[in-house]
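The values are calculated or read from the model by the stated rules, or taken from the named source; none is laboratory data. Source: prediction; values computed, not measured. All Cβ positions, even for glycine, are placed from backbone atoms using ideal geometry, and neighbour counts span all protein chains on display.
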Amino acid sequence: MQLYLRDALHDDIEQLVALVLGGKLTIDEDDQLFLDDYADALDEIDSTDGSYLLVAELGGRIVGMLQLITFRHFQHRGGRCAEIESMHVIDDERGRGIGGRLLGYAVSRAKDLGCYRIQLTSNANRADAHRFYEAHEFEHTHNGYKRYLDLDWTPTRSASRRRPADGRVPV
Ligand SMILES: CC(C)(COP(=O)(O)OP(=O)(O)OC[C@H]1O[C@@H](n2cnc3c(N)ncnc32)[C@H](O)[C@@H]1OP(=O)(O)O)[C@@H](O)C(=O)NCCC(=O)NCCS
């Protein structure tokens, strides 16, 4: 079967959500709102410069995904930098080279966009994933820190532009 690598489409959303949730989700009507939130996220990803959701398709089935985010860095002469998030290959297709090809596709897209660096974080417990990234020339140079924010987050709310100058906060 031919493997295809491409940008995600709206028709992929149900399969992508199942992939993100480890294939454990059975999607029924109650999940419609949930799917709408993912659809909204995909719209925003698609309409944001340098931002992509990439998928691997095999025999009409979505078997892998990753999110590629690129941004201008306020260092390296304002160069463009790339970041990978949400990398998953469906469990029954792991270890067959799909993840490697998808990662290579993201790296070449980042190069096409003029990125000087591509980076990611990976859960400290995922030793297999670390081996995978290191086999693809990613070096373990930094330790990552994450802090979950206890926010009443509204998924459909887009991020706004920078605050105006008079929006400074006295502290
Ligand atoms: C990590 C992952 C994306 C790699 O995709 P893949 O298609 O399995 O990778 P490839 O077939 O191209 O490469 C195989 C290599 O990936 C690594 N690997 C990681 N998890 C694996 C798994 N469950 N099965 C097989 N290989 C795995 C191994 O290092 C393997 O190399 P090896 O044969 O020398 O052991 C995929 O296994 C996956 O989705 N894992 C679960 C989710 C995850 O960890 N995502 C990364 C979050 S940072």
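Remarks
Results for (1) hydroxyl-bearing (Ser, Thr, Tyr); (2) within 28 Å of LEU42 (Cα to Cα), shown as yes or no for each residue.
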residue: ALA110; (1), (2): no, yes
residue: LEU113; (1), (2): no, yes
residue: GLN119; (1), (2): no, yes
residue: SER122; (1), (2): yes, yes
residue: TYR133; (1), (2): yes, yes
residue: PHE138; (1), (2): no, yes
residue: ASN143; (1), (2): no, no
residue: LYS146; (1), (2): no, yes
residue: LEU149; (1), (2): no, yes
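- Condition check for ASP40: more than 16 Å from the ligand (Cβ to nearest atom) and surrounded by fewer than 13 Cβ atoms within 10 Å (Cβ to Cβ): no
- Only one entry in PHE132, PHE71 is of a type in the set (Phe, Trp, Tyr) and either at pLDDT below 95 or farther than 24 Å from GLY22 by Cβ (or both), namely PHE71.
- Residue within the range 97-104 that is in a strand (DSSP E or B), under 26 Å from GLN119 (Cβ atoms) and in contact with a helix residue (DSSP H, G or I) (Cβ under 7 Å, 6 or more places away or on another chain) present: no
- For the range 56-68, the tally of residues that are over 14 Å from ILE13 (Cα atoms) and either touching a residue at least 60 places away in the same chain (Cβ under 8 Å) or surrounded by fewer than 17 Cβ atoms within 10 Å (Cβ to Cβ) (or both) stands at 2.
- Residue pairs meeting the criteria (Cβ under 8 Å; at least 6 apart or on separate chains; first in contact (Cβ under 8 Å) with a residue 24 or more places away in the chain, in the range 129-144; second β-branched (Val, Ile, Thr)): HIS136/VAL107
- If you go through the range 77-127 and keep only what is more than 10 Å from the ligand (Cβ to nearest atom) and under 16 Å from ALA8 (Cβ atoms), you end up with TYR105, ALA106, ARG109.
- Residues being more than 13 Å from the chain's Cα centre (by Cα) and among the polar types (S, T, N, Q) - total across the range 100-126: 3
- Figure legend. Inter-residue proximity from the range 84-107: first residues closer than 20 Å to GLY59 by Cα and in contact (Cβ under 8 Å) with a residue 60 or more places away in the chain, second residues more than 6 Å from the ligand (Cβ to nearest atom) and assigned to a helix (DSSP H, G or I), beta-carbon distance below 8 Å, spacing 6+ or different chains. Indicated pairs: HIS88/LEU19; HIS88/VAL20; ILE90/LEU19.
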